[in-house]
Structures are given as structure tokens and as C-alpha cells.
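Engineer: The following block contains the structure, expressed as C-alpha cells.
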Amino acid sequence: MKQQGSEGEACGERDSFPNSRSWGTYRGMDFLFNDSMACASTGRMGINSSCRTGSTLSSNGTNESRQNSLSRMSSRDLRRRASYSLPRDLGDQILESISLSRELAAQIVGNVDGSTVAQMGDSGDRVVVGGGECGSENENWRSPADYVKECENGFKSSSGDVMIMSDGILNRSSSVRMEQDKTQNLHSRSEKDEQEKLHRRVDYLLYLIHLAVFGILGIFTRYLLQRLFGPSLLALTGNDTALYLDLPSNMLGSFLMGWFGIVFKADLRSLSENLVIGLTTGYLGSLTTFSGWNQKMLDLSSKGHWTFAVAGIILGMFIVNECANVGVETAEWLHKCLLKCLDRCSEETRIKLQHLRVDSFKRHMTAMIVMLVIWGLLWGLCGALARRKLDSLSSGSVLWLGCLVGPPGVWARWYLARLNGQGLGKNGSLKWLPIGTLLANVIAATLMAALSTISNVVNTKRCSIVVTGVQFGFLGCMSTVSTFVAEVYAMRNSGHPGRALAYAILTIFPSFIIGTLIYSIPVWTKHYN
């Protein structure tokens, strides 16, 4: 009994903040089922392994009747799972257990602070300046990455649980890990981290370089998808339909966000935190664009195509959300396959995988030099081509000009993301709202509408090219759909669909209304083409 109590206490600590699997994948909140149907999702959320043996699932009095029905499931009934026909009573018990596990998981995730959920998409530059020398106001602040590190370093995993080992490599525990002293473990790791830690300014610069390089790659991908699915080739998207030009890139970015921003995020963080930020905030954030989506809907409404505009907003939101769901589901399946493959790998292969981690000063400096060279080559090439194309007033200069001004847009969005989960005012109200991402999207959409109006007023080809380049690069990177969708996904799966709906409305409606005042009304009154 004493041993079970200690395990319960450790489990209680672990439940108080996200662990490496539940918050590295989010899918712990979507209730995937393990070996026992009655406690599958709770195993994913870090619940005590005694749930698997049929012990008490919850102390909540409202669930006692359901727990009793689960405990009456006999071994004879369990053996019937292998039969082709499912008995009605066993089927009812399984469905009841699934419903119970969903309720329990919803209660567990619902107890998580809303500010933590608001930071799951992006916590901005607080990953660098979140603590330590930043001042007393940040001393008690911990980013989701800090939660992951605490859970990786200080807690044990029960038998059969999927976990990320403290060495950062994916694995499946085959036996219960020996109890370790948490204080000593954290102390030894803090000393090691202190020795290998980069200077804060150098670390900040490394993040900015990763964001710039991956942001430019995201712009390239978005441009190629526009050309591929646009009127010039496949003609599946266009300017006069609800299927706007940036829809394919928003779909792909949302799908990949389910991979790298939700399921594999903790695994990638074990290799390199800079890589995680570069992929999610840099590449996927620049691949997707909320401001471009909003502007296309404004173009449709200004031409009188209100049906297409409304359909584009509703249908676009539904599509990107479903892409994120499919991305999470496929990534979960792939993750399980990788775990099985790693189980069969030799010890030598696992050691080689451990060496891939960028966890030393030398490796960080090597990564910085490589990324600086890539960034310099990309910027130099884009600058030369942008000048050449702009002199000839070629529309091809839009891409190269966009790549030049894209990185500052990524940096601005990353900086604003520090406001996520911080709330409003001195009391910190509305901490569940990702204010940073909200501001980035609304500001970018407003500026894009204003620049479109300026382009209509000036009405020259050179001005149109420059404005379109700034819109495509800077404002396209400043706004994001992938992070926005990931935050909506986190709210829905943490038991707060109302917050998810409110957040979506607060992002879409103000952007469209302000854009109508700045762009559509001048088009209607001045009769711009």
C-alpha cells in the first residue's frame, strides 16, 4: 500500500503538468486506446498504471456506477474479443468504457491551466528569455518546453507505456524504471545544462537564423503551390472562387502541423529546440497565411460575390481543421510504427541516434555557421533576382522580393507569440486566449488590406509589384494558419470547444470587418478595378 501511495504521488505530480508524450503530441487529449479499453486514454495522459489492472479509475462519485460495471467484466468475456461476433453485453461494456475514458481524460486535461494550452501552438521568444536573468516577473513562468523537460527528467514510466527517454530517443519501456531521486536528477542535469548552455544572446540569434531560413523555404513552397493548383496549371484554385489561391498551402501546412507541431514535436525537441521552432514557427507558419486568405475573401466581397466570400471563410476553416486532424491521426500511426522499428534496433543504432542531438556548444556553433551560410546564399540570390526582375517590371520579382522581406515577418510573429497565455491587464484575464497569434493575424490582415488600397490609388505596375511582394512575403509570414489551427485544436481537445469557437470568431470577424472598412468601401465608392 505504501508503494502504491508513492506511485500515486508521483503520478499526481505528473498529472499537474503536461508530459512529454501528452503535450508533445496532443493526441493524449484525443483519447487513443492502449491495451485495456477501459483505461487506454488515461495511460496516455500519465495516469497510474494500476488502471490497467482493473483498479479504481477515478475518485469522482459520479463515475462509481460505471466503474462497477467495468469491474464486472470477466476473463471469459475478454477472451471473446478474438471471436468474429461481438456479444451484445460485451459490446455495451466496451462502449461504456470508451465513454468513461473520454470523460476522465477530459477532466484531466480540463484541469490544465488555460494559459498552457494557449502556448501550445507557439510560445514565442519566451523559450529564450522566459526565466533566469529576465527578471522577477518571469521567475515563476515556465514554457511548455520546461514542462516537457521536467517530465522527461523527473518521472518514471509504467510498464508498456510509450515514452521519450531522458536521452531524447524514442523508445518503449519494457519494464518499470527504477525509482530515482528527483532532486538529485534535476540537480545533476542542471549542472550539465549550465556547462553546455549557450549565451542567451547567441541562442536568440540562432533562433532568428533558423526562423529566417525556414521562413524563406516556406515562402518558396507557398509560391510553388499557388502556381501548381492555380489557373496557370491545374486550375483548381483561383481569385474568383471560394477555393482561394493559398488554400493548398494552408491545407498542407495544417496537415504537417499535426505532424511536427503536435505528434513529433517532443521528439524533435529532444534533437534540437531550434529545429522545432524553425519547422513549426518558421516553415509551417510561413507556408500558411491568414492575411492572404482574408484578402482573397475581401476581393470577392468587393466584387459583390458575397456567397463565395462567406463560403470561402466557412469552408476554408473546416478544411484546414480537418487537415490538422488527419495529420495528427496519420502521424500517430507512423509514430507507433517507428516505435516498433526502434524496439528491434540494436544498441549501436540507438547510440548513433543519440549522437544526432544538438546538445553541446560546438554543435550549436556548427549549426549556426551552416544556417548562416544557407541564409546568406538564399538572400543574395533573392536580392539579385529581385533587382533584375523589378527593373524589367516582371511579375516574377514578387517571389524574390517576398523572400527578402519574409524573415522580418516571421520574427515579428515569433516576438508577438510571447504574449500567448499571458492574459490581459494586471490580473491576467483571458489567459486561455493566444493573444500573440491573434494580434499577428489581425494586424497582418489589416496591413494587407491597407496596402491593397494604396496600390489601387497609385495604380502603377511598379507599385503593384512592390506591394504584392511585401504582402506575399512580409505579411504572409507575419500571419499564420498552421499555428492558429493548432491552437484551436488544443482548445477543442482540452475540453473547451466554446473557447475554440470564440478564438476563431475573434480572429476571423475583426479581420474581415476592418478589411472591409479599409479596402472594400474605397473600392465601392471610388470604383477601383
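Engineer: I'd like the full set of residues that are assigned to a helix (DSSP H, G or I) and aromatic (Phe, Trp, Tyr), limited to the stretch 487-529.
Structural biologist: The answer is Tyr489, Tyr503, Phe509, Phe512, Tyr519, Trp524.
Engineer: Next question. For the stretch 211-235, give me each residue that is over 25 Å from Pro408 (Cα atoms) and either open to solvent by less than 50 Å² (accessible area, probe 1.4 Å) or free of Cβ contacts under 8 Å to residues at least 12 places away in the same chain (or both).
Structural biologist: Of everything in the stretch 211-235, those that are over 25 Å from Pro408 (Cα atoms) and either open to solvent by less than 50 Å² (accessible area, probe 1.4 Å) or free of Cβ contacts under 8 Å to residues at least 12 places away in the same chain (or both) turn out to be Gly230, Pro231, Ser232, Leu233, Leu234, Ala235.
Engineer: Moving on to the next point. I'd like to check something: does the stretch 276-293 contain any residue that is open to solvent by 10 Å² or more (accessible area, probe 1.4 Å) and more than 21 Å from Cys403 (Cα to Cα)?
Structural biologist: Within the stretch 276-293, none of the residues are open to solvent by 10 Å² or more (accessible area, probe 1.4 Å) and more than 21 Å from Cys403 (Cα to Cα).
Engineer: Within the stretch 254-275, track down each residue that is open to solvent by less than 40 Å² (accessible area, probe 1.4 Å) and either touching a Lys or Arg at 6+ places or on another chain (Cβ under 8 Å) or within 26 Å of Ser301 (Cα to Cα) (or both).
Structural biologist: If the condition is that a residue be open to solvent by less than 40 Å² (accessible area, probe 1.4 Å) and either touching a Lys or Arg at 6+ places or on another chain (Cβ under 8 Å) or within 26 Å of Ser301 (Cα to Cα) (or both), then Ser254, Ile262, Val263, Ala266, Ser270, Ser272 are the ones that fit.
Engineer: Taking the residues in the stretch 465-486 that are part of a helix (DSSP H, G or I) and either at pLDDT below 95 or aliphatic (A, V, I, L, M) (or both) as candidates, determine which candidate is surrounded by the most Cβ atoms within 10 Å (Cβ to Cβ).
Structural biologist: Across the stretch 465-486, the extreme among qualifying residues is Val485.
Engineer: Let me ask something else. Answer with yes or no whether Leu353 is at pLDDT below 95, farther than 30 Å from Asp125 by Cβ, in a helix (DSSP H, G or I) and within 26 Å of the chain's Cα centre (by Cα).
Structural biologist: no
Engineer: Sticking with this structure for a sec: State whether one or more residues within the stretch 485-507 are in contact with a strand residue (DSSP E or B) (Cβ under 8 Å, 6 or more places away or on another chain), over 24 Å from Trp379 (Cα atoms) and in contact (Cβ under 8 Å) with a residue 24 or more places away in the chain.
Structural biologist: Taking the stretch 485-507 as the starting set, the residues that turn out to be in contact with a strand residue (DSSP E or B) (Cβ under 8 Å, 6 or more places away or on another chain) are none.
No, the stretch 485-507 contains no residue that is in contact with a strand residue (DSSP E or B) (Cβ under 8 Å, 6 or more places away or on another chain), over 24 Å from Trp379 (Cα atoms) and in contact (Cβ under 8 Å) with a residue 24 or more places away in the chain.
Engineer: Only one of these conditions is not met by Asp343: (1) charged (D, E, K, R); (2) surrounded by fewer than 18 Cβ atoms within 10 Å (Cβ to Cβ); (3) in contact (Cβ under 8 Å) with a residue 40 or more places away in the chain; (4) within 25 Å of Asn250 (Cα to Cα). Which number is it?
Structural biologist: Only one criterion is unmet by Asp343, namely (4).
Engineer: Separate question: Evaluate the following for Ser395: is it under 25 Å from Ser464 (Cα atoms) and out of contact with any Gly (no Cβ under 9 Å at 6 or more places or on another chain)? Walk me through it before giving the result.
Structural biologist: Numbers: under 25 Å from Ser464 (Cα atoms): yes; out of contact with any Gly (no Cβ under 9 Å at 6 or more places or on another chain): yes.
Yes; evaluated as a whole, the condition is true for this residue.
Engineer: Next question. Please specify each residue of the stretch 407-425 satisfying the condition of being buried (at least 24 other Cβ atoms within 10 Å of the Cβ) and in a loop (DSSP other than H, G, I, E, B).
Structural biologist: Asn420, Gly421
Engineer: Moving on to the next point. Given the condition within 18 Å of Asp246 (Cβ to Cβ) and either of a type in the set (A, V, I, L, M, F, W, C) or open to solvent by 10 Å² or more (accessible area, probe 1.4 Å) (or both), answer yes or no: does some residue in the stretch 492-504 qualify?
Structural biologist: yes
Engineer: So which residues in the stretch 426-463 are assigned to a loop (DSSP other than H, G, I, E, B) and open to solvent by less than 70 Å² (accessible area, probe 1.4 Å), if there are any at all? Walk me through it before giving the result.
Structural biologist: Filtering the stretch 426-463 down to residues assigned to a loop (DSSP other than H, G, I, E, B) leaves 426-428, 430-434, 459-460.
Gly428, Trp432, Leu433, Pro434, Thr460 - these are the residues of the stretch 426-463 that are assigned to a loop (DSSP other than H, G, I, E, B) and open to solvent by less than 70 Å² (accessible area, probe 1.4 Å).
The values are calculated or read from the model by the stated rules, or taken from the named source; none is laboratory data. It should be emphasised that the depicted structure is a prediction, and the values quoted were computed from it without experimental measurement. Note: ideal-geometry Cβ built from the backbone for every residue, glycine included; neighbour counts use all protein chains shown. The area values use the complete protein model at the heavy-atom level, side chains included, leaving out ligands, DNA and RNA. Shrake-Rupley method; radii C 1.70, N 1.55, O 1.52, S 1.80 Å.
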